Every structure is written in structure tokens, then in C-alpha cells.
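Visitor: Sending over a structure as C-alpha cells; questions will come in a sec.
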Amino acid sequence: MSVVRESDLIGIGKKFQIETDAGDNMVVVIHDDGRRELYRHDEEDNETRCVMTLSDEESRQLAGIIGGLSYKPKALETIEVALDDLRIEWFKVGPSSDGVNKSIGELNVRQKTGASIIAAIKDKETKINPGPDYVIEPGDTLVIAGKAKHIKLLKELLV
């Protein structure tokens, strides 16, 4: 697991220093205006250089890409990310699931389970934050967020 150190930059925003398992050192500065700057520490020169500046929207788009919202490696049947109590899981809807051909609103997903469907992947198309009118179809991969017990309830509702 990588090591992340967080510190306030008064009048600027927050700084996150990340040391990865591979030994890379990276710094992310999140400015109060929404900009993000990515820095990489070069061991040879013993310098830290800004390698990229991103807007708030670009940062969120990149986070979705890195987090696997737009592409899930085929070798991974299920992916789990745990952030304290928050979990994000991918769930493939089977052809005989009870939730098939029903909308998110019809199933009362959030009210019955406490979990949220934050994306739906159908073939090669990703629908981010599908609304209550979104109809769940066989073969959809749903990206679900919530506490472990809430995700379990949602899976039970769909199976």
C-alpha cells in the first residue's frame, strides 16, 4: 500500500505526497480555485518538477479513468476499492437477475439499500451517474458505491 502524507498549504490549498509501492514519489497540489498540479520527484537530479496542471473537470475525468470507470481490465472479475467505510465495487448483471429490465427508480435502489449506482457500463459505453429512469439490462456492469452492508443489500436486490 502506498504512503500518502497530507498537509495544508495556507492560502493555496492542500498538498498530498505519495510514495508508491514501486518507489515513485509524487506530489499533488490541489489549489483552492480547483486547479491540480502533479509533481514528480527525480532521484537523479534530486529535484521535484511539475509534470502536469489540470483543471477541476480534467482532474475528475482523469480520476474516473485511473479509477476504472471507463475501462475495467478483463482479467479482473471484481474490483474493490476501500476508502474507510466507502467501498466501490463493480457488479455484472446476470440474465436472470430480479433487477433486470427495471429502472433504478422502480427498484428504489438508494431508499431500499443505502447504496448508489454511480455508473453503468453497457458494451463499450459508460453512463456516469445514471438517473432513476435508467433501465438495468442483462450484461450491464454497475459501479456501486456505499458501505459494505449497503452494497450487499443492493446485490441481493439485483440477483
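The values are calculated or read from the model by the stated rules, or taken from the named source; none is laboratory data. None of these values were measured; they are calculated from a predicted model. When we count neighbours, we look across all protein chains shown, and the Cβ atoms used for this are built from the backbone with ideal geometry, even at glycine. Only protein heavy atoms, including side chains, enter the accessible area calculation; ligands, DNA and RNA are left aside. Shrake-Rupley method; radii C 1.70, N 1.55, O 1.52, S 1.80 Å.
Visitor: Condition test on V93, is it free of Cβ contacts under 8 Å to residues at least 60 places away in the same chain and in contact with a Pro (Cβ under 9 Å, 6 or more places away or on another chain)? Show your work before the answer.
Guide: Working: free of Cβ contacts under 8 Å to residues at least 60 places away in the same chain: no; in contact with a Pro (Cβ under 9 Å, 6 or more places away or on another chain): yes.
The answer is no for V93.
Visitor: Go through segment 1-52 and tell me which strands (runs of 3 or more DSSP E), entirely inside it, have 3 or more residues that are among the charged types (D, E, K, R) and surrounded by fewer than 14 Cβ atoms within 10 Å (Cβ to Cβ).
Guide: 3-9
Visitor: From (1) modelled with pLDDT of 90 or more; (2) in a strand (DSSP E or B); (3) surrounded by 15 or more Cβ atoms within 10 Å (Cβ to Cβ); (4) in contact with a Lys or Arg (Cβ under 8 Å, 6 or more places away or on another chain), pick out the condition that doesn't hold for L153.
Guide: That leaves (2) as the condition not met.
Visitor: Could you check how many residues of segment 85-102 are crowded, with 16+ Cβ neighbours inside 10 Å and under 11 Å from L158 (Cα atoms)?
Guide: 6
Visitor: Let me ask something else. Would you check which residues across segment 122-149 are part of a strand (DSSP E or B), open to solvent by 30 Å² or more (accessible area, probe 1.4 Å) and under 20 Å from G67 (Cβ atoms) and list them?
Guide: If the condition is that a residue be part of a strand (DSSP E or B), open to solvent by 30 Å² or more (accessible area, probe 1.4 Å) and under 20 Å from G67 (Cβ atoms), then K122, E125, T126, K127, I128 are the ones that fit.
Visitor: Going by the structure shown, is D24 at pLDDT below 90 and among the acidic types (D, E)?
Guide: yes
Visitor: Which one of these does L107 not meet: (1) on the phi > 0 side of the Ramachandran plot; (2) in contact with a helix residue (DSSP H, G or I) (Cβ under 7 Å, 6 or more places away or on another chain)?
Guide: It is condition (1) that L107 fails.
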